[in-house]
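Single-structure report; data block below.
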Amino acid sequence: MIDSKPRVTEKAILVGLEQHGTSHWELQDSLTELQLLATTAGAQVAGTVVQKLEKPTAPYFIGKGKAEEIARQCQALNATSVIFDDELSPAQGRNLEEMTGCKVLDRTQLILDIFAQRARTREGRLQIELAQLQYLLPRLTRMWTHLSRQSGGIGTRGPGETQLEVDRRRVQERISRLERDLRDVRRNRTVQREGRLRHNWPLTALVGYTNAGKSSLLNRLTGSTVLAENKLFATLDPTTRQFVLPNRQKMLLTDTVGFIRKLPHTVIEAFKATLEEVRLADLLIHVVDLSHPAFHEQMEAVDATIRELEAQGKQTLLVFNKIDALADPAIAAATIARYPGSVAVSARTGEGMQTLIEEFEIRLSAWRMRVEFHIPVSESAALAELHRVGHVLSTAYEGDTAIITAHVPPELKGRLAVFEAVAV
């Protein structure tokens, strides 16, 4: 699935839909990001088209008249691709390709293409191929006959089976093999993670919007040489490094793949092995590009992805990065005042790093309090939060009460104080 051939620069027209509930400025921000994604993928943006509708239309998403207008623009501009800012249905994609005579992509396909270019390790390639196949399976139109079968044989094909059905079955078999391979990857990651946990060091995960500077911050703190480029999704594979605080407390820092608005669900599913580092972390370090004009929207997109990973409620430290790129230094002070407990830094120059390290010491001073809770099994929300945010060490039952011993951060201990028995 991952194409390693040299890529020919394509001329693309971008298309956005301003529908009910979407402001003009939100659409413009999203289209600006789509242009950056297209450029990252290797396309030359030839033009942008915006349609205003109450909701997408079934046949063409943007309406037949606007589709015909885009077809004329493609001819006039010699465009080879049309890229939509929203996900298209299989039927909409086919209709638009027939209408425009160009290759039609949506935002999800564009992101998957960038991931395919960035994947370097075997794990990354497996995850991307799985995401691509899961996305493309319902869109098959006799396009997978090049896939060779790795299993089956005489008697496996029923009489009268169409070529499209054969292609679908081959893709499904490939998906099954990739899922098995990724389960092996997850088992290996679990073994590695358990080895780190034996040291009893707190686990921290760097999360944030793509290109917020997570890898640069990891390099600045630990002296690492993790790839850090001014590109979207420069790194896909998680990197864990040890960091020793001035009070001699050791911690583990893990860099994770960057998030983005409308991050495809197929990517989140395929990258579960990688993103599990977020779900299991004791402290999330949310890195924000303060110099970006839409940093608030980027923060919301990251929070939404964290909720999808079921990692909400964790102790989180907001780190506003790239203060060296601010036109007005007062912006950093105002932002810190708005978000108490946050830190403003520059991973590039090192400004603010001492304050960040001091905040680490504060946040991790009581990072794993060993507490026993007596929680009625009917309190499902409390039980779920304890398992999601804390580290459960043992569970026993007395009647309808769960007796759970766990390591928990101070915030969670406070929220569950009503169920606390006695510290052990």
Test: ALA270 is assigned by TED's automatic domain parsing to the domain that holds PHE243, modelled with pLDDT under 95 and under 21 Å from the mean Cα position of the chain (by Cα): yes
Subset of segment 330-344 (residues that are loosely packed, with under 12 Cβ neighbours inside 10 Å and in contact with a Leu (Cβ under 9 Å, 6 or more places away or on another chain)): GLY341
Over segment 245-259, the set of residues modelled with pLDDT of 85 or more, closer than 20 Å to SER215 by Cβ and of a type outside the set (Ser, Thr, Tyr) is MET251, LEU252, LEU253, ASP255, PHE259
Consider LEU136 carefully, then state whether it is touching an Asp or Glu at 6+ places or on another chain (Cβ under 8 Å) and assigned to a helix (DSSP H, G or I). no
Meets criteria (outside the structural domain of PHE295 (by TED's automatic domain parsing), in contact with a Pro (Cβ under 7 Å, 6 or more places away or on another chain) and farther than 30 Å from SER291 by Cα) for THR401: yes
In this structure, is GLN132 at pLDDT 85 or above and closer than 23 Å to LEU37 by Cα? yes
When (1) outside any helix (DSSP H, G or I); (2) within 15 Å of GLY258 (Cα to Cα); (3) out of contact with any strand residue (DSSP E or B) (no Cβ under 8 Å at 6 or more places or on another chain) are applied to LEU284, the one that fails is (3)
Is it the case that segment 38-51 has a residue that's in the same structural domain as THR22 (by TED's automatic domain parsing), more than 30 Å from GLU179 (Cβ to Cβ) and assigned to a loop (DSSP other than H, G, I, E, B)? no
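Quick grid of which residues meet (1) closer than 30 Å to LYS250 by Cα; (2) modelled with pLDDT of 70 or more; (3) assigned to a helix (DSSP H, G or I); (4) not assigned by TED's automatic domain parsing to the domain that holds ARG125:
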position	(1), (2), (3), (4)
GLY160	no, no, no, no
LEU164	no, no, yes, no
ASP167	no, yes, yes, no
VAL171	no, yes, yes, no
ARG174	no, yes, yes, no
ARG177	no, yes, yes, no
LEU182	no, yes, yes, no
VAL185	yes, yes, yes, no
ASN188	yes, yes, yes, no
Name the pairs whose Cβ atoms lie under 9 Å apart, with the first residue in segment 315-332 and assigned by TED's automatic domain parsing to the domain that holds ALA212, the second of a type in the set (Ser, Thr, Tyr) and surrounded by fewer than 17 Cβ atoms within 10 Å (Cβ to Cβ), and 6 or more positions between them or separate chains? LEU318/TYR339; PHE320/TYR339; ILE323/THR349; ASP324/THR349
What pairs come out if I take residues in segment 286-306 that are in the same structural domain as ARG261 (by TED's automatic domain parsing) and acidic (Asp, Glu) and pair them with residues that are in a helix (DSSP H, G or I) and surrounded by fewer than 22 Cβ atoms within 10 Å (Cβ to Cβ) whose C-beta lies under 8 Å away, six or more apart or interchain? ASP289/PHE295; GLU297/GLU26; GLU297/ASP29
Residue that is surrounded by the most Cβ atoms within 10 Å (Cβ to Cβ), among those in segment 81-121 that are in a helix (DSSP H, G or I) and without any contact (Cβ under 8 Å) to a residue 24 or more places away in the chain: GLU97
Condition first: surrounded by 19 or more Cβ atoms within 10 Å (Cβ to Cβ) and more than 33 Å from the chain's Cα centre (by Cα). Now tell me which residues in segment 370-401 satisfy that. PHE373, ILE375
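The values are calculated or read from the model by the stated rules, or taken from the named source; none is laboratory data. Note that the structure is predicted; figures quoted are calculated from it, not measured. Don't worry about glycine lacking a Cβ; one is built from the backbone with ideal geometry, like all the others, and counts go over all protein chains shown.
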